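Notes follow the structure.
The values are calculated or read from the model by the stated rules, or taken from the named source; none is laboratory data. Worth saying up front: this structure is predicted, and the values here are computed from it rather than measured. Cβ: placed from backbone, ideal geometry, glycine included. Neighbour counts: every protein chain shown.
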């Protein structure tokens, strides 16, 4: 089954809850979305990825959340939206973007999601320009921590993925995403 159809069916069966304190920009102003798969026990842990470094001489990038660009249909083909594009009927809904990025970068299995939340809009820094960007964040509590697609089914841009305790991410994860993980930690308590 095509991933877009699987995501659409999942969204109809299990739409995300609105998290307390979730805020943010209007949906048509946001072109990025991300997802944090998490487990609560034995301690709150999140499933993260390390992207393949473009410049090996700079070392490995830090672990980060799965995130990416929203897509829209142009002449029957899915393409990334550009900043400034206005969402229309052909645009991928932000929850769908987050799920698709989770599947591509982490190997997220939709049936493994127990419950999930819209965490609102957050900012992060562009890896290429350093400029702030808006991102709609979602958090998904998982049934089984081992139930993810095998690494060979994950996008080649993912070098590594693993469970990381929140405290560990706050120390070693991508600095501009620590506020997002702190928001998740409040939800998971």
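In segment 174-189, the residues that are at positive phi form no Cβ pair under 6 Å with any partner that is assigned to a helix (DSSP H, G or I) and surrounded by fewer than 17 Cβ atoms within 10 Å (Cβ to Cβ), whether six or more places apart or across chains.
A residue that is under 19 Å from residue 113 (Cβ atoms) and without any contact (Cβ under 8 Å) to a residue 40 or more places away in the chain can be found somewhere in segment 146-153.
Taken as a whole, the condition of being outside any strand (DSSP E or B), in contact with a strand residue (DSSP E or B) (Cβ under 8 Å, 6 or more places away or on another chain) and at pLDDT 95 or above does not apply to residue 37.
For segment 100-121, the set of residues classified as in a strand (DSSP E or B), in contact (Cβ under 8 Å) with a residue 60 or more places away in the chain and surrounded by fewer than 22 Cβ atoms within 10 Å (Cβ to Cβ) consists of 113, 115, 117, 118, 120, 121, listed by residue number.
When we screen 138, 169 for residues that are under 16 Å from residue 37 (Cβ atoms), in contact with a helix residue (DSSP H, G or I) (Cβ under 8 Å, 6 or more places away or on another chain) and not in a strand (DSSP E or B), the only hit is 169.
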